Amino acid sequence: MEKKSIIDLNRLSQEEFRRADKISLVVVLDNVRSLNNVGSVFRTGDAFLIENIFLCGITATPPHQEIHKTALGAEDSVSWMYYEDTNTAIDYLHEKGYIVFAIEQVENSIALQNIQLDKNNKYAVVLGNEVKGVQQKVVDKCDQSIEIPQFGTKHSLNVSVTAGLVIWDFFKKLYY
């Protein structure tokens, strides 16, 4: 096995990315503190052709050197919007016909592996603060909650890891 070169990978240019068909997924970051986590979500969003990222509350916005450090330019390819209040973002998504999922451990959540998606629908997922998770008032506005099953001693995953798992799962169900 020989590693592929950058040329062999045949990646899209930023302009080609902007014109490419996207999966109907918006990622909402609810008060995410770490700029490295924000950058990682941009990079994962780029990899799997998400529609948009909504940066809410204290979540930092590009341009920022610490976001760029992990996004590696994906902050320039993936569309994003800033909302001071996450619930305003949720209201906007509902007005536009999105089904909104909180990624949170709540009563009656749906395990990620059991989520059934329809390619004709539009979806958004809300990821929360590294310590407090998705705000309860935001969970209350969401249509449903998705939980990633965990079997070890820890009760949560890093925000960027969670985003990677969820975005990949949605991509597999919406793209192929």
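The values are calculated or read from the model by the stated rules, or taken from the named source; none is laboratory data. These figures come from a predicted structure and were not determined experimentally. Because the Cβ atoms are built from the backbone with ideal geometry, glycine has one as well, and the counts that use them run over all protein chains shown. Side chains included, ligands, DNA and RNA excluded: accessible areas come from the protein's heavy atoms. Shrake-Rupley method; radii C 1.70, N 1.55, O 1.52, S 1.80 Å.
Okay, here's what the table says:
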quantity: Strands (runs of 3 or more DSSP E) enclosed by the stretch 55-159 - at least 1 residues per element that are more than 18 Å from residue 22 (Cβ to Cβ), open to solvent by 30 Å² or more (accessible area, probe 1.4 Å) and without any contact (Cβ under 8 Å) to a residue 40 or more places away in the chain; calculated: 80-83
quantity: Residue in the stretch 1-13 that is open to solvent by 10 Å² or more (accessible area, probe 1.4 Å) and touching an Asp or Glu at 6+ places or on another chain (Cβ under 8 Å) present; calculated: no
quantity: Among (1) farther than 16 Å from residue 124 by Cβ; (2) touching a helix residue (DSSP H, G or I) at 6+ places or on another chain (Cβ under 7 Å); (3) open to solvent by 10 Å² or more (accessible area, probe 1.4 Å), the one test that residue 48 misses; calculated: (1)
quantity: Unique match (being within 17 Å of residue 52 (Cα to Cα) and of a type in the set (A, V, I, L, M, F, W, C)) among 111, 124; calculated: 124
quantity: Conditions (1) more than 17 Å from residue 55 (Cβ to Cβ); (2) at pLDDT 95 or above: number failed by residue 155; calculated: (2)
